[in-house]
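Presented below is the structure to which this report refers.
The values are calculated or read from the model by the stated rules, or taken from the named source; none is laboratory data. Given the structure is predicted, the values throughout are model-derived calculations rather than measurements. In case anyone asks, the SASA skips ligands and DNA or RNA and just uses the protein heavy atoms, side chains included. Shrake-Rupley method; radii C 1.70, N 1.55, O 1.52, S 1.80 Å.
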Amino acid sequence: MAREEATKSNGGAGLVIRNIGLLLSGDLQKPVLDADTVVVKDGRINAIGKEKELDCEGTAGIIDANGTALAPGLIDSHVHPVAGDWTPRQNQLGWIDSCLHGGVTTMISAGEVHMPGRPKDIVGVRALAITAQRTFAALRPSGVKVLAGAPVIEQGMVEEDFRSLAEGGVKLLGEVGLGSVKDGPTARQMVGWARKHGMQSTIHTGGPSLPGSSLIDKDVVLAADADVIGHINGGHTALPDVQIRALCEESERALEIVHNGNERAALFTLRTAKELKKLHRVILGTDAPAGSGVQPLGILRVIAALSSLGEIPAETVFCFATGNTARMRNLESGMIEVGRPADFVFMDAAQHSAGKTLLESMRLGDLPGIGMTIIDGVVRTERSRNTPPATRVPKVVK
Ligand SMILES: [Zn+2]
């Protein structure tokens, strides 16, 4: 409650973030911006540039970035939330707050499938989706934007169900394949109805995640044509390389790589996407909470792995978890650009990393240290309790 009040009182008066050592844009075309200062007004980015060229008069708040890197808050494209900051999957409290300490400021539900006793009848499916949308819209754990209300499609649903879900405020479909619809033609018809009514879709890719779920192979994925090829590197069991390659070649949808997947298949996807000049379609998720647990540093771990083992500059890989996801999923957050929400993560090389800079340390496979997170212009966390300690951290001057 106190934090929500702070949002309102700070918002209008503005905030200057100065002395930024490295400004990561989230934009694959230009991952690093030539600027050291960001001005925030009403929770949004108002100006970006060199401090001496910007008008910073009269702003109420000042943050000295102390030479650290500022990036858009990370977006986790694939989570399974249920109720507030509790997950029944590993019976854990505070997992979303822990992910905020890993730099994640926005999460997208791939289905509230861990709800105990999850309804499978169509009225129940609709009710659960609308409940999840409403509850996460009304309560943001630690300020994190959790976009939830993602129904898992079941046999027997008709276009009217999708129309009424959309009318009820539902904007996402959960992973196709986790319910009773597992064949291409039915999935394609329902994904089409969802799209017609403004709902974005994702599909489970690979072997079953749990007893009772099933294999979804590349033929079903291509036939369904969902907006996101969910965990293309498996969740955890990956498809054969030849099928992953076919998905990269034949689909123009988002290629989602997750932490809770097969690491070798993640690297194969990355190299294939690079070869096909499709890196702009690569987005990142955790698929947490899962059987492998909650992964508060999951997005950072995937960035470090893809950059070091996949031999791609870290500033490029950061775009996969920010601007790429924003573009593929029509989000406002995820870019450092005037008018966008002021959702930021401040990072520096971890203490005693062999890399001298943040980017060099990540190319060597190290995790960064997080010094602060900001959502909608409000400081949400200072030095992370989860990352290795950052060498330098930003300071709130006033
Ligand atoms: Zn899945």
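Kindly identify the stretch 71-128 as rounded, prolate or oblate by the Cα gyration tensor criterion: order the square roots of the eigenvalues as a ≥ b ≥ c, call it rounded if a/c is under 1.5, otherwise compare a/b with b/c, prolate if a/b is larger, else oblate. Oblate. In the chain, the DSSP beta bridges split such that about 55 percent are antiparallel, to the nearest 5. With every protein chain in place and a 1.4 angstrom probe, the accessible-area ranking of S180, S361, largest first, reads S180, S361.
Among beta bridges from DSSP that stay inside the stretch 96-233, the antiparallel ones total about 10%.
Each helix, a run of at least 4 DSSP H residues, gives -39500 (n - 2.57); summed and divided by the residues of the chain, these come to -8500 deg cm²/dmol at 222 nm. I'd like to check one number: the per residue accessible area of the chain, probe 1.4 Å, reported in Å² as a whole number. That works out to 38 Å² per residue. Of the residues W86, W193, W95, ranked by 1.4 Å probe accessible area with the largest first, the sequence reads W86, W193, W95.
Counting only residues at least eight positions apart within a chain, or on another chain, the lysines with an alpha carbon under 22 Å from that of K120 are K171, K182. Here K395 is the anchor, and the lysines within straight C-alpha reach of less than 21 Å, apart from those fewer than 8 places off in the same chain, are K41, K50, K52.
What shape does the chain have by the C-alpha gyration tensor, where a ≥ b ≥ c are the square roots of the eigenvalues, rounded means a/c under 1.5, and otherwise prolate means a/b greater than b/c and oblate the rest? Show your work: numbers first, answer last.
Values: a/c = 1.91, a/b = 1.45, b/c = 1.32.
Prolate, since a/c reaches 1.5 and a/b exceeds b/c.
Helix 241-250 axis versus longest C-alpha principal axis of the chain: approximately 80°, rounded to the nearest ten.
First check a/c for the stretch 108-254, with a ≥ b ≥ c the square roots of the eigenvalues of its C-alpha gyration tensor; if it is under 1.5, answer rounded, and if not, answer prolate when a/b is larger than b/c or oblate otherwise. Each step should come with its number before you reach the end.
Working: a/c = 1.65, a/b = 1.46, b/c = 1.13.
Note, shape of the stretch 108-254 comes out prolate.
Of all lysines in the structure, those lying under 27 Å Cα to Cα from K277, and not within fewer than 8 positions of it along the same chain, are K30, K218.
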